[in-house]
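This report concerns only the one structure given below.
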Amino acid sequence: MAKKYLGGSGEPLTIWISVAASTVLVFYGYDQGVFGNVIINQNFLDTFGNPSANMQGTMTSLYNIGCFFGAMSTLFTGDWLGRPRQIILGSTVIAVGAVIQTSSSTVAQMIVGRIIAGLGTGMNTATAGVWQAETSAMRSRGKLVIIQMANCITGFSISNWLTLGFSFAPKDVAWRFPLAFQIFFTLCIYALCPFLPDSPRLLIRKGKYEEAKDVLAALQGHGATAESASVRAQFDVIKDILDREHVNTYSWWQLVSGRGPPGLLRRMILGAWMQAMNQVSGINITSYYMSYIFINALGISELLSRILAACGSVDYLIFACLAYFVIERYGRRKVMMCSAAACSICWICIAIATGIAAHGGNSYVTGSVAVAFFFAFFASFGMGVLGVPWLYPTEINALEMRTKGASLAMATNWICNYAVVQATLPGVQNLGYKYWIVWAVICAAFIPITYFFYPETANRTLEDIDRFFETRPGVLIFNNKLATQLERPQVYIEQDEQIALHAEKGDGWSGDEGKAANEVSIEKMA
């Protein structure tokens, strides 16, 4: 008898998986925002001996080192545990880190708590997006991951408003309670993940075919069973791609040296660099240190800085939600390039405003302009550079390497995050307005990188993307219609129809047949 899941089947089940995956991102967003607001509390600074700007940056950024190693650990545990259990483990580790941080009275103890919480966050963020992508329908996959990212900003906003409210609390309650509040999200994960299914694609990889068919039927809903023709057809499509990739027959050295299945190494690099672009855009300058920058770079009072940071998080959240309406309509490439261009313009305007102030301009006027463009940056980033890099690695990586590819992408995210957070406080102090020019140039560079190297993944099944790389496309894809067109290529539709026809007849579909059909279809298109 098929297992019953939270939400039952069909769309309600997909929604509950999205709620669980989004809770992970709320958790992550909260952790991103909370510490930057804690370190400006005077009682916190007094408790830890008024640490220097460098030490504050170290306490903040070592969390990202924990995240890096947590993400890397899922290379070994992600497939073994499965998606829901990996998230339960990660959330438990974060709770342990939260307890250590909340009870801290020394810098060393706080650093240990930060690193442990980071380990759990790295595990969770490397897993949630893959789980969502592998259980979603083609046309809703991008929107659901964008909802996840909007929930990440919800967590970030909660951290800003909660720390603002508790800034009026007596003594150490003002900073200990916000750190302890992380445990609430762990309890939410405990209430959801044990009652939701694992990825059917992972189950097929593990050889658990009957369970995979049950999950596919549950996700499809509308009375589908494991024996339904549509479920068997979907099962055959996934297994066909896995049979053709046969990644397990290659050594790690063969895979990373480019001698594995077509495009595998390139796909891992594309996913990892897309995540790097998310971080080296400069977003965590504002996520971690907005209040600090308002106080120390723009000369705004602590209370007003907290209020502006909290309002900025709402602005960020609104535009992260609006990305829902463009991610599938315009595709990953256009959304990413337009968002990056807007981010670059915002950094240029911030540099001009702070530069004028540094050379004797009206500090009130220039400060107001800079704050306005920090808000505009949040809006620009939220519309594209926020969500696309989190979505893309879950789509672009080979089916059998999706966990490992997403883990490497997240590890890249976290190590870049660490570098940005570690460099920001000294950068603001030593470079002044010139610091913002660096981020303007970097964001502008995202446009040609995306245009020339990144194939479109919108309106394609995950298996379509495998088929594309099976044709061994050139590195530069900007003039490849199959790579850049927004609508789903007709050749892939025809291949799925052939597989469905075989499923209806009950005669199966082999990997060799699928590969041959792909080659013939591409030749016809050429």
Relative packing of peptides 74-81, 104-111 - highest average C-beta neighbours within 10 Å first: 74-81, 104-111
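Sorted by packing (mean other beta-carbon atoms within 10 Å per residue), highest first, where do 208-214, 315-321, 280-286, 409-415 land?
Details: 208-214: 18.1, 315-321: 21.6, 280-286: 23.3, 409-415: 26.6.
By packing density, highest mean first, the sequence is 409-415, 280-286, 315-321, 208-214.
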Carbon plus sulfur fraction of accessible area for the chain, probe 1.4 Å, in percent: 65 percent
No Cys partner within the rule (Cβ under 4.7 Å), the chain: Cys67, Cys152, Cys188, Cys193, Cys311, Cys321, Cys338, Cys346, Cys349, Cys416
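Over segment 170-233, give the accessible area per residue in Å² for a 1.4 Å probe, as an integer.
Details: 2780 Å² over 64 residues.
Per-residue value: 43 Å².
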Nearest 10 degrees, 0 to 90: helix 490-505 Cα axis against the chain principal axis: 50 degrees
Fully extended contour minus Cα-Cα distance, from Ala423 to Ile318, at 0.36 nm per residue: 34.9 nm
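Pulled fully out, how much extra length does the chain show between Ala444 and Ala341, if you take 0.36 nm times their separation in residues and subtract their Cα-Cα distance?
So the extension gain works out to 36.5 nm.
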Between segment 428-468 and segment 222-245, the alpha-carbon center distance in angstrom: 35 Å
Accessible area per residue, Å², segment 81-156 with all protein chains present, probe 1.4 Å: 25 Å²
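Solvent-accessible area per residue for segment 305-357 at a 1.4 Å probe radius, Å²?
Details: 1980 Å² over 53 residues.
Accessible area per residue: 37 Å².
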Percentage relative contact order, the chain, counting C-alpha pairs under 8 Å, at least six apart: 22 percent
Label-point separation in nm, Ile269 to Arg472, each point 7 Å along Cα→Cβ: 1.7 nm
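When the solvent-accessible surface of protein heavy atoms is calculated with a 1.4 angstrom probe, in what order do Lys171, Lys434 fall, highest first?
Values: Lys171 160, Lys434 115 Å².
The ordering from most to least exposed comes out as Lys171, Lys434.
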Most to least packed among 45-58, 344-357, 16-29, 224-237 [average Cβ atoms within 10 Å]: 16-29, 344-357, 224-237, 45-58
Unit charges on C-beta of K, R, D, E only; dipole of the chain, Debye: 760 debye
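Using a/c under 1.5 as the rounded threshold, could you call segment 58-212 rounded, prolate or oblate? The axes a ≥ b ≥ c are square roots of the C-alpha gyration tensor eigenvalues, and prolate needs a/b larger than b/c, oblate otherwise. All intermediate terms of the calculation are to be shown ahead of the outcome.
Numbers: a/c = 2.50, a/b = 1.79, b/c = 1.39.
Taking the square roots of the gyration eigenvalues as a ≥ b ≥ c, segment 58-212 is prolate.
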Virtual spin-label span in nm between Ser105 and Leu45, 7 Å along Cα→Cβ: 2.3 nm
Contour excess over end-to-end distance, with Cα ends at Arg139 and Val173 and 0.36 nm allotted per residue: 7.6 nm
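The values are calculated or read from the model by the stated rules, or taken from the named source; none is laboratory data. Keep in mind the model is a prediction, meaning the values are calculated, not measured. Here Cβ is always computed from backbone atoms with ideal geometry, including for glycine, and neighbour counts include all displayed protein chains. Note: accessible area is taken over every heavy atom of the protein model, side chains too, but ligands, DNA and RNA are not part of it. Shrake-Rupley method; radii C 1.70, N 1.55, O 1.52, S 1.80 Å.
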